[in-house]
Structures are given as C-alpha cells and as structure tokens.
1. Just the residues that are open to solvent by less than 30 Å² (accessible area, probe 1.4 Å) and charged (D, E, K, R), please, taken from segment 383-412.
2. Given the residues Asp59, Asp8, which is the only one that is modelled with pLDDT of 90 or more and not in a loop (DSSP other than H, G, I, E, B)?
3. Any idea which of (1) out of contact with any Phe, Trp or Tyr (no Cβ under 6 Å at 6 or more places or on another chain); (2) surrounded by 15 or more Cβ atoms within 10 Å (Cβ to Cβ) is the one His114 doesn't satisfy?
4. Would you check which residues across segment 241-256 are at pLDDT 90 or above and either in a loop (DSSP other than H, G, I, E, B) or within 7 Å of the ligand (Cβ to nearest atom) (or both) and list them?
5. Mind counting the residues in segment 91-104 that are within 29 Å of the chain's Cα centre (by Cα) and among the hydrophobic types (A, V, I, L, M, F, W, C)?
6. What are the residue pairs meeting all of these: first residue in segment 25-40, first residue in the same structural domain as Asp59 (by TED's automatic domain parsing), second residue part of a loop (DSSP other than H, G, I, E, B), Cβ atoms under 6 Å, and 6 or more apart or on different chains?
7. So, Asn140, is that one surrounded by 12 or more Cβ atoms within 10 Å (Cβ to Cβ) and not small (Gly, Ala, Ser) or not?
Amino acid sequence: MTNKINQDRIEAITEAIIKVARGDFSVQVPVTDKYDHIDALAMGINMMIDDLKLKEETDKENEQIKLLNKELEEAKLKAEESERLKMAFLANMSHEIRTPMNGILGFADLLKSHVLPEEKKLEFIGLIEKSGNRMLDIINDIVDISRIESKLVTKNISTVNINDLLEQQYKFFKPRAKQKELKLSLHKGLPDENSVLETDGQKLNAVLINLVNNAIKYTKTGQVEFGYAIRQNDGQTKLEFYVRDTGIGISKEDQALIFDRFTRSKKADMDAIEGTGLGLAISKAYVEILDGKIWVESVEGEGSVFYFDVPVTEDSKMYQAVRQVDKTDVATIDCAGKKILVVEDDPVSGYFLKIALQGLSNNILVARDGQEAVDMFMDNPDLCLILMDISLPRMRGDEAVKIIRKTNTEIPIIAQTAYCMEGDKEHLKAIGCNDYLGKPVKMDLLLKTVQNYMERGCTRCLKYKSSNVEK
Ligand code: ADP
C-alpha cells in the first residue's frame, strides 16, 4: 500500500517535471506531511518551478524594457533628425535669405551714397530686382510647403492643353538655357488637338517649372530635354512627363533623400548653387495630389531624368482622342501582321514609338543600339520596316544602316533623328535611308510615313512570307 502511494507521488513529480519542461510553470507538486525524501524532492522541484516562473517573468519584463528602449532610441533619433533638419533649414534659410538681402541692401546703399552714371544706376536697380525676385521665390516655397503640411492644398481641376503649357515653359526657359549655352528641347507626345486633359493645370505647371528649372540649374554643359508620352500600365492610361539633363547627376544614396523637405545632395560644390531643398518636396506633394507618382533615374557625373505621371481617365477627352487616332489611322490598310523594328536608345522615346505604332502593327521589336539593330535585322527575315535613330550607343544608327544595306537594299528604313540640318538629311539618304523624320516626331506624320512604306512592302519580307505560307 505504501509502495503504491509512493509510486503515485513520484509519478506526480514526473508529470510536473514534464509540464515544466514544456514551459508550463503553473504546476506545483503536492507535498505531504511525511517530510520524507520524496517530500524533500517535491519541495525542491516546487522551489525550482518558482525560480523558473520568476525568471520567465523577469525575462518578459526585460523584453518589454528592451522594446521600450528601442522605441525610445527611435524617438530620440527622430527628434535628432528633426532637430538636424531644423538646424539645416535655419542654416540654409539664413544663407538663402541673407544672400539676396545682401544684394538688395548693398546695391541700395551704393545707389544712395554714390553719384552714379545712369547706366550703372540701371544695372544696380536690375540687380536689386533680381535679388528681390529670389527672395520672393524662397518665400513662396516656404508658404507652399507650410500650406501642404497644413493640408490646405486641394485639387483644382480644369481643362488644360498640355502642349500649350509645355510650349509656354519652353519659351520661358529658352533664354535661361541659351545664357548657359545649353540646348533646350521639347518633346510633345500627342498632336496639339489631342493634348487636352482635365487636371490641375497650376500644379502640373509648378512641378514642370521646378524640374526644368533644376535641370538647367544643375547642368553645366550639354542639353535639357523635357516632354511627355502616353503610357499604358496595368490597364491604366497615364501621361508620363520627363525632364532629362546632362548635368551633375545624383548619387544613389542622395536619390533616396532629395524628395524630402530641406534635403539637398551632399555634393561638395552644392553650396555654390543656390537652393532651399524644398522644390522637389513641393513637387512630390503636388504630384501625389494629382494621383500620380514622381521618381528619378540618375548617374552621377552624367545626368538625371526626373519622371512623374498623372492619370488619364477613360471619360477624358484625351483618352477618347488617343483611341480615335488609333482607330482611324489603322482602318485604311491591314498591316497588323507586319513586323517593325524600332531602334531607339532612349526608353521613353522607344516606348512612345511603340505605343504610337501599335495601331499599325502588333509585332514591334525594339533595339537599343546599332549593333542590336543589325543583329535583330539578321535574326528576323520577316521584318517589314526599320525606324532608325541615328545617335546611338555602341554602334551609331548610320553605321547600322550601312551594314544592313550591304545585304539588303529593299527594306524601308526611316531615320528618326534630332539632327535636323539639311546636310544630315542628304547624308542619311545617301547611305540608304528611304525617309527621314525629325525629332520630336509628330504622331500623325509618323503614322502616315510608316503606313506609306508598309503598303509598298519589300520583296525580302514578302518573299519570306510567301515561302512560309507554302511550307
Ligand atoms: P533645391 O532648391 O536645392 O534645388 P530641390 O528640392 O528642387 O531643391 O532639389 C533637391 C536637391 O536635389 C537639390 O539640392 C539637388 O541636390 C538635387 N537635384 C534636384 N534636381 C537635380 C538635377 N536635375 N540634377 C542634379 N541634382 C538635382
């Protein structure tokens, strides 16, 4: 009988140990009033369970303290970051405001205290005006960002002619680009009559002004190009704007920061270029109000492309117009099965051509350089037409045309290039291009020209097709 009782007691201890091993510290082993070895063991086990329970509670508390510390550390870093931004803002503002103030007060002083010839007076007044305008820009930026942060900025939709808006900007920026000896070009993605969109014109204008202004500001030599193209993405139609420059570029690290308020790239020579670090933050906020997004692609030392898009809703005039262009231009001939090769290194222009030509062919290949164009020509005997850009990396377009013409004199090759000089046209014809389209390529002219050559066909692709049919 005693043996059975003792056996039960030991089993209770074993069960408790198993539970404890599984992490259950709520158990306690019964202790009798015998005070024998088994009781001593049970009491020892109970003490051990109490210790483990206490340790578990302490661990949990420590975990909570660690979490709290982490949160505190993060809050501290945020506060420090905010303090750093505030200091950077103050330093920047102080510099930005003092510089034009220096100009205003300095030249006002000179005007007051010196007898000056008329032309000097006018020059100084001009400089005062310039500094005053700079002050005004800074104040406007600060007011804009404050209004955005106070959520006071809303969308004001009206009918906007995008081509008109871009042309006004082109005219506005042309003298500034000329002054810096930069080539400024504009690419309109749609014919004027179809470039009407219901959007917030003021915000669109403000974003473009800021991006083109930056492109000119941060480019010493080369060119600035801006424009837009229609994009079809995930079933959504969008107008994608771009501003490309051959300027100082932005490092990968800085690309992640520049859309934040008051942040400027960490380049050493940045102080010499005036700026508050607010323009891109304002642009980002405006684009988001327009239900779009903004991003940058850039290579340090080579240049940057800023993109932003805005939706083109299905009930908008532009959406209807784009669909109409597709339908009317395709209707006259059936070129759908014919294969076109578009050679274009710039992804935006390549995409524009692809979309624009979709009505004429459902078989469009894109090559990014001259060598790739030659390879694709060789690999695709059923190719019907080549649209060839001339200024290309790796192998120029005219080199590629010469190579293709050595083996084939019939396939229509249409050059599309920004080189618009009379001599260039002659050169392109001489090396074997059938026709020539100047950039920015006008959609209606592009469609007409391509359609014209595709109707004629070339014996190479026709031969290929008939031999394929016979097979
Ligand atoms: P800022 O007034 O300084 O130009 P922005 O917010 O417009 O302010 O731009 C933020 C920073 O992004 C600039 O200070 C500059 O470092 C960088 N940046 C903007 N645009 C360009 C560009 N086109 N090329 C190179 N850097 C640019």
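The values are calculated or read from the model by the stated rules, or taken from the named source; none is laboratory data. What you see is a predicted model, and the numbers here were worked out from it, not measured in a lab. Here the Cβ positions follow ideal geometry from the backbone for every residue, glycine too, while neighbour counts run over all protein chains shown. Each accessible area value is taken on the protein alone, full model and side chains, heavy atoms only, with ligands, DNA and RNA left out. Shrake-Rupley method; radii C 1.70, N 1.55, O 1.52, S 1.80 Å.
1. Residues satisfying the conditions are Asp389, Asp398.
2. On the way: Asp8 fails: modelled with pLDDT of 90 or more.
Step by step, each of Asp59, Asp8 is checked, and only Asp59 is modelled with pLDDT of 90 or more and not in a loop (DSSP other than H, G, I, E, B).
3. The failed condition is (2).
4. Step one: of segment 241-256, the residues at pLDDT 90 or above are 241-255.
Residues satisfying the conditions are Asp245, Thr246, Gly247, Ile248, Gly249, Ile250, Ser251, Asp254.
5. From segment 91-104, those within 29 Å of the chain's Cα centre (by Cα) are 92-93, 96; that's our starting set.
Narrowing the set further to residues that are among the hydrophobic types (A, V, I, L, M, F, W, C) leaves 93.
Total meeting the criteria: 1.
6. From segment 25-40, the pairs are Asp39/Val31; Asp39/Thr32.
7. Values: surrounded by 12 or more Cβ atoms within 10 Å (Cβ to Cβ): yes; not small (Gly, Ala, Ser): yes.
Answer is yes for this residue.
Each row is one residue, and each column tells you yes or no for (1) away from the ligand (no atom under 13 Å from the Cβ); (2) farther than 26 Å from Phe262 by Cβ; (3) among the charged types (D, E, K, R).
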| site | (1), (2), (3) |
| --- | --- |
| Met135 | yes, no, no |
| Ile139 | yes, no, no |
| His187 | yes, yes, no |
| Asp192 | yes, yes, yes |
| Val196 | yes, yes, no |
| Thr199 | yes, yes, no |
| Asn210 | no, no, no |
| Thr219 | no, no, no |
| Gln223 | no, yes, no |
